[in-house]
Each structure stands twice: as structure tokens, then as C-alpha cells.
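One structure is given below, encoded as C-alpha cells.
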Amino acid sequence: MTRVSSFSVPIRVYMEDTDAGGIVYYVNYLKFMERARSEWLRCHSLNQQALLLENTQLVVYRLTCHYAKPARLDDDLTVTAEVTDLGRCRATFDQTVEREGELLCSATVEIACLNATSMKPKQWPTQVFKVFNISDS
């Protein structure tokens, strides 16, 4: 599948995001990426709370991450989320965290669509397929 959708969101680094040296703590890059994916959903008129009401839960099931350079307190960052593959019950996002065009962190994040009750894979809801212009047949 070719690249489907790209999105970016600005994020400022706050004290709570950093360690004692003013450098972003490594796990917070993943939080920034989660925010970008959530905003990506909202941009496409989808949100996780509405999906939960349909008994659909989105979970990270695989992640690879490369930390290239540190972000620091008060940095203005751009966090991207680009869908690079979509299956019947999973999606792959390529994501980056950049500062003024300089790559700080990159990741490939695979998301699974689950039945929220059984926690077993389920097909994406129809509205998600519509976002990607994919038929659910």
C-alpha cells in the first residue's frame, strides 16, 4: 500500500517532559507520538472514545524506535504521524519528532484494532475504511 495520510502537530517541551538535566526523558517521545496519532484521528473526525463506544480499542502491539538527538526544555517540536500500511485489523504509522527540521527521534508504530471486550483482533470499523478510501467488502 502506498502512503495514505500524513499529519503533524506542534508540541513544546515542558519541565515535566525532562529529566534533571533538562533533556526529554526517552519514554516521553512515545507520549508525543501517541498525541500525534490521537490528533490524527480527530483530524479525520474519529476519536478513541467514540470507537470505545463501538467496542473498538486501539493498542500499540509493535514499536521500533531510534533516538538520534536529544530534545531539551522549551524546544518547539513537530511530531508527525504518517500511515504507511493498513490491514483489516492493523495500521502502521511512521512517526518522527523534529526540531526545526532536524530529526530527533523516529519510530514505526503498529496499531491493532481490538474488540474491547474480548481483546481479540477485529476488523476496522467502516468509518476508518472510509477515511482511507478502502472498501470494507
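The values are calculated or read from the model by the stated rules, or taken from the named source; none is laboratory data. Since this is a predicted model, take the numbers as computed values, not measurements. Cβ: placed from backbone, ideal geometry, glycine included. Neighbour counts: every protein chain shown.
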(message) I'd like the full set of residues that are in a helix (DSSP H, G or I), surrounded by 15 or more Cβ atoms within 10 Å (Cβ to Cβ) and touching a residue at least 24 places away in the same chain (Cβ under 8 Å), limited to segment 86-135.
(response) VAL128, VAL131
(request) Select, from VAL27, VAL83, VAL131, the only residue that is among the β-branched types (Val, Ile, Thr) and touching an Asp or Glu at 6+ places or on another chain (Cβ under 9 Å). (result) VAL83
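Per-residue answers, yes or no, for (1) modelled with pLDDT of 95 or more; (2) aromatic (Phe, Trp, Tyr); (3) surrounded by fewer than 18 Cβ atoms within 10 Å (Cβ to Cβ):
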residue: MET33; (1), (2), (3): yes, no, no
residue: THR56; (1), (2), (3): no, no, no
residue: ARG62; (1), (2), (3): yes, no, yes
residue: THR84; (1), (2), (3): no, no, yes
(request) Being of a type in the set (A, V, I, L, M, F, W, C) and out of contact with any Lys or Arg (no Cβ under 9 Å at 6 or more places or on another chain) is the filter; apply it to segment 61-90 and report the residue that is farthest from ILE23 (Cα to Cα). (result) LEU86
(message) Given the criteria under 21 Å from PRO125 (Cα atoms) and in contact with a Pro (Cβ under 8 Å, 6 or more places away or on another chain), does CYS89 qualify?
(response) yes
(request) Note down all Cβ pairs under 7 Å where the first residue falls in segment 26-52 and is within 18 Å of SER6 (Cα to Cα), the second is part of a helix (DSSP H, G or I) and of a type outside the set (D, E, K, R), and they're at least six residues apart or on different chains. (result) SER38/GLN48; LEU41/GLN48; HIS44/VAL131; LEU46/GLN127; LEU46/VAL128; LEU46/VAL131; ASN47/LEU41
